[in-house]
Amino acid sequence: MTIDGSHGQVDGTTDAGRPDDDVPAPPGVVTPGPGPEGESPAREDRAIVTVPGDDGRVEPIAGVVGTKTGMFGIDGTGDTSGYGGLVRTIAMPRATRAPYGGWFDATAESLGNALAAGGIAWDDAIESVLVDRGELTFFVRRHALLDVCRRLRDEAELRYEFCAGVSGVHFPQDSGRELHAVYHLLSITHNRRIRLVATCPDADPHVPSVVSVYPTNDWHERETFDFFGIVFDGHPALTRIQMPDDWPGHPQRKDYPLGGIPVEYKGASIPPPDQRRAYS
């Protein structure tokens with residue numbers, strides 16, 4: 001089974017072959033357990049797509065947050081792609097339970113121990129852990145982002161000295177967490193890469209700046225603010241970096257109007273996409 005979502009395809013691989021649920025998590029790591037009547041505590045309001053595993057168990061694969069139509073998922077303007085009949089599911093990969101495998105477990109354990117040494121509980125800092133396509137992602141609660149980054153950088157067992165930048169992602173259907181700030185970290189010491197994700201709602205688009213920990217994020221945070229509207233609190237000079245200062249809106253958000261500025265070629269004018277012929 002394959003689910004086509006906004007991150008690409010969520011492969012129908014299950015946890016078959018992993019130890020049973022009663023296997024304890026690594027020391028210092030608390031993984032989310034079932035909520036009331038088996039609901040997921042992190043995404044209780046999301047439908048869960050399931051697929052039977054090799055051992056006959058039914059495993060959740062992804063939380064479905066909505067659907068989109070057409071090639072680009074636009075709404076309210078004409079579809080000029082010719083693919084207006086496409087309907088695709090927007091499915092977010094679910095959290096992964098420990099053990100995660102290989103050095104992923106050591107990283108989670110070391111981070112959990114470092115947080116605990118500073119008096120920070122795992123659940124207060126980490127929303128969930130995801131292992132998908134051989135990559136390790138920590139969903140970090142935004143108020144704890146700086147604490148997590150400092151420990152990832154400074155702890156000898158972690159040493160994620162380099163942050164390659166921050167990117168924005170906009171999921172309008174992901175209610176209460178529509179904006180995602182995504183950080184890619186590299187440990188030069190241990191030659192390992194991980195991803196951090198901090199989310200915030202459209203109504204409160206604030207995430208702490210990590211420039212004090214990773215100075216290379218200075219212009220990356222400005223670009224993400226410019227294109228997605230995420231406000232990085234504590235940034236030394238948070239201004240637009242590509243669009244004019246008085247530009248209305250943030251052009252890479254999915255609710256931004258498609259088109260609107262005619263393009264001219266030697267006197268000929270091409271109308272914006274929302275004024276062209278629609279095929280659906």
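The values are calculated or read from the model by the stated rules, or taken from the named source; none is laboratory data. What you see is a predicted model, and the numbers here were worked out from it, not measured in a lab. For neighbour counting, all protein chains shown are included, and Cβ atoms are generated from backbone atoms with ideal geometry for every residue, glycine included. These accessible areas exclude ligands, DNA and RNA; they are computed on the full protein's heavy atoms, side chains included. Shrake-Rupley method; radii C 1.70, N 1.55, O 1.52, S 1.80 Å.
For segment 224-280, taking the residues that are basic (Lys, Arg) and under 24 Å from residue 90 (Cα atoms), the one that is modelled with the lowest pLDDT is identified as 254.
This table checks each residue for (1) charged (D, E, K, R); (2) closer than 21 Å to residue 188 by Cα.
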residue	(1), (2)
86	no, no
92	no, no
106	no, yes
133	yes, no
136	no, yes
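Number of residues in segment 175-214 that are in contact (Cβ under 8 Å) with a residue 24 or more places away in the chain, within 15 Å of residue 232 (Cα to Cα) and assigned to a loop (DSSP other than H, G, I, E, B) equals 9.
Each row is one residue, and each column tells you yes or no for (1) crowded, with 16+ Cβ neighbours inside 10 Å; (2) more than 16 Å from the chain's Cα centre (by Cα); (3) closer than 27 Å to residue 68 by Cα.
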site: 82; (1), (2), (3): no, yes, yes
site: 91; (1), (2), (3): yes, no, yes
site: 108; (1), (2), (3): yes, yes, no
site: 111; (1), (2), (3): yes, yes, no
site: 135; (1), (2), (3): no, no, yes
site: 146; (1), (2), (3): yes, yes, no
site: 176; (1), (2), (3): no, no, yes
site: 191; (1), (2), (3): no, yes, no
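The strands (runs of 3 or more DSSP E) falling completely within segment 86-144 include none with 3 or more residues that are out of contact with any strand residue (DSSP E or B) (no Cβ under 7 Å at 6 or more places or on another chain).
With the requirement that a residue be of a type in the set (A, V, I, L, M) and touching a residue at least 60 places away in the same chain (Cβ under 8 Å), what does segment 122-138 give you? Give the steps one after another, and end with the answer.
Step one: list which residues in segment 122-138 are of a type in the set (A, V, I, L, M), which gives 125-126, 129-131, 136.
Once the filter is applied, which keeps residues that are of a type in the set (A, V, I, L, M) and touching a residue at least 60 places away in the same chain (Cβ under 8 Å), segment 122-138 yields only 129.
Determine whether residue 142 is under 14 Å from the mean Cα position of the chain (by Cα) and within 25 Å of residue 251 (Cβ to Cβ). Spelling it out, residue 142 is indeed under 14 Å from the mean Cα position of the chain (by Cα) and within 25 Å of residue 251 (Cβ to Cβ). Summed over segment 148-174, the residues that are open to solvent by less than 60 Å² (accessible area, probe 1.4 Å) and part of a loop (DSSP other than H, G, I, E, B) give a count of 5.
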